[in-house]
Every structure is written in C-alpha cells, then in structure tokens.
Amino acid sequence: MIRLSKHQLFTLMFVFEVGSTTIFALGIDAKQDAWIVILLALLIGLGFTWIYTELQNAFPDKNYVEMIIIILGKKLGVPFVLLNLLGYFWHCARNLREFGELIIITTLPKTSIWIVSFIFVLVSIYTLLKGVEVLARASEIIMPIILLFIISVYILLYISGNVDFTRLTPVLGNGIKPVLKTLPQIVVFPFGELFVFLMYWNYANEKNIIRKTAMKTVLWSGILLCFSLIIYITVLGDKYSAIATIPLIEVIRLVNIGDIITNIDSIGVIIIFLGGFFKMSIYLNAIALSLTTLFKNINYKIILILVGACLLWFSIIFEPSYAFHQWMFPFDVHYFGIVYTNIAPLLLLMIYILKKKRTQL
C-alpha cells in the first residue's frame, strides 16, 4: 500500500502549485493591481479547497474516480470519469509543451521539441514506475531548494537596487473592474488545479490532517505567488511583465551584486525544469491511476507508458507553436478548466449531501 506522510503531502502539493506559476505574470491584465487579483483568488481558492477536502472526508479511503462512481452510479459515473480524464490529459499535455518550449527558449534553442519532450516524458515515467512515494520523497528535497532560490533572488534584486515600489501605484487606479475580470483565471490556475490531489489524498497516513495540510499549501503558495507578482511589477513594470515570455528569467538576469553574483539565470532554468517535471508527473500519474481504478484488470505500468506516448504525440501535434499555446490559455480557463476544477467537484459534493439527507429521512 502507498502511504504518504503529512510532510510529503505538503511538499508534493506545494511544488505542484508553485510548479509553473512563478514563471508567469499571472493576473497581469489587471496591470499594477495583479497582486490584488492573487490575494482575492487565494481566498476563493481556500473555499474550493474546503470543497475538495470535504469530498475526501466523506470518502477517506477512496480516490476521485471511486467517489464519482459511488455518488453518481456506474451509468453516469463512468462517462463522468472519462470526461474528467480528458481534463487531466489536457492539462498534462499543455504542461509538457509549455516546459518543453521554455527549455528550448532559454537554453537549447537548436534542439528539437520532440527530443526535449521525449526526455521529459521518459524521466517522468521512470520516476512514476518506481512509485508515488519516490516522487513524494523527491519533492521533500526539491521544495526547500526551489523556495530558497526564489526568495534569494528576490532579496538580491532588492539589494541590487532594481526594485521600485512606486510602480505598484496607483492602487486600483483603473477601478475594481479589471481585477474582477482577471479573477476567474487565477481561481482555476493555480488554485483550482489542487483538485487533482483527490487522486492522492487517500494515501495519507493521517486522514484528519488532509484539510489542514491542503489549506496551508494553498495559503503559502498563494503568498509566494503574490510576492512574485509584486517583484515582477516593481522590477520590470506591468507593461513589460505582460509581454515578457518568462518574467522570472528576466528578473533573474537583472541580479548583479558588485559584478560578483551575476548571470544566475541558468539556475533559474533548472528550477523551472523541476517545477514542470513535478506538475506534469502528478497529472500523468493521476491519468494512469484513474484508468487502473476504472478498468481493474489493466496493468498500471503498461497504461503509464501508453499514456506517456500519447501525451508526447498530442502535445506536439496539437500545438503548432508556443504562441498558439499562450493564445489557448483563456479557453482553458473560461470554457474548460473551470468546469472540471471548480464546478464538477462542487456539484458532486451537493449531490452527495442531498443523497445523504434523503437516506436519513
């Protein structure tokens, strides 16, 4: 049996949440008020985390697929699970293409996207074949490194004299409307994505700590994301942050302490790679777990390899370029992501509560 400790769950969720968020200027459509968007989304994200953990509390030893089958029955549950699988696959493929492109842009401009993505998938499959516990133990090592690097960069930027807090003003200079307009996409990405851990929380050693650990993860990752946005805006300005391909790399390149501590952007690329690896691996494993739960006679290892191959093909064939990848982001949020990350778990919880009340009458 797979068993994850409280600390392993926290580090795995934290690395997942931070994985790709710090490399983008999320909420920058609200310009200098992007950090306010993050704080509001964080509060809503905590609410949805309560919904996810409430489902888990109702079925402490079940994963998300088993919950769906119990709540909806097989006739409705199986199609619902398959649709949810499309959500996992979509996000996993998008993450693979995203980080493959970022590695090419930053360090390997002459390398084929096929080669970079293949290595990415290969390493992920190899790790997952060793077990989820190996991935969780790796996150315990990686999380402090990512956190220490990001915080150190921001401190060095301040010491370098690159931070200008006047760029955050005027607060709500364009009114509240841009903030509210940008809010839904941040609720979905990254906070809504935590719902994938409904496939993992049943592995927790202590079931009573799941909600507290998840809430703590969302809170700290949200604070880090908010702080990152403040740094991007105060260093680059909201206009350049909005058009920069990778704002994190752009700010890292500005670090210069007496011409001694400089040119550390290569370390930033490694951090990006690690974040992308964990995010994609967690989604990939969720797909394989869902299929093996739904179809009990199939082999997990074979499914993992087959899904990995499909993922590699789809991520490259479907998206012709990184510009297309970025153009698709609003669709992800408003017409796809919000349905299965926010609406679906809420509906499932409501149906469960109604069915429970009916049986008690």
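Listing for the model above:
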{"quantity": "Sequence of 143, 280, 1, 13 once ranked by neighbouring C-beta atoms within 10 Å, starting from the fewest", "calculated": "1, 143, 13, 280"}
{"quantity": "Distance (nanometres) between label positions extended 7 Å along Cα→Cβ at residue 305 and residue 145", "calculated": "2.8 nm"}
{"quantity": "Unit charges at the beta carbon, dipole of the range 144-236: most positive-side option, 221, 172, 156", "calculated": "172"}
{"quantity": "Euclidean distance of C-alpha centroids, the range 193-210 and the range 1-26, integer Å", "calculated": "12 Å"}
{"quantity": "Mean separation of Cα contacts under 8 Å, 6 or more apart, over the residue count of the chain: relative contact order %", "calculated": "39 percent"}
{"quantity": "Burial ordering of 310, 92, 226, fewest other beta-carbon atoms within 10 Å first", "calculated": "310, 226, 92"}
{"quantity": "Chymotrypsin sites (Phe, Trp or Tyr not before Pro) restricted to the range 222-327 and DSSP loop, no more than 13 other C-beta within 10 Å", "calculated": "295"}
{"quantity": "Given charges at Cβ of Lys, Arg, Asp, Glu: the chain dipole, positive-most of 280, 131, 120", "calculated": "131"}
{"quantity": "Residues with amide H under 5 Å from that of residue 204, placed H, sequence gap 5 or more", "calculated": "4"}
{"quantity": "Electrostatic dipole magnitude of the range 167-291 [Cβ: Lys, Arg +1; Asp, Glu -1; Cα centre; debye, to 20]", "calculated": "440 debye"}
{"quantity": "Residue 46-residue 219 pseudo-label distance in nm [points 7 Å out on the Cα-to-Cβ vector]", "calculated": "0.7 nm"}
{"quantity": "Which of 35, 220 has the fewest Cβ neighbours within 10 Å, and the rest in rising order", "calculated": "220, 35"}
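Any read-out appearing in this document is the output of simple, stated calculations on the displayed coordinates, not a laboratory observation. The shown structure was predicted, so the numbers you read here are calculated from the model rather than taken from an experiment. Ideal geometry is used to build each Cβ from the backbone, glycine not excepted, and the neighbour counts take in all protein chains shown.
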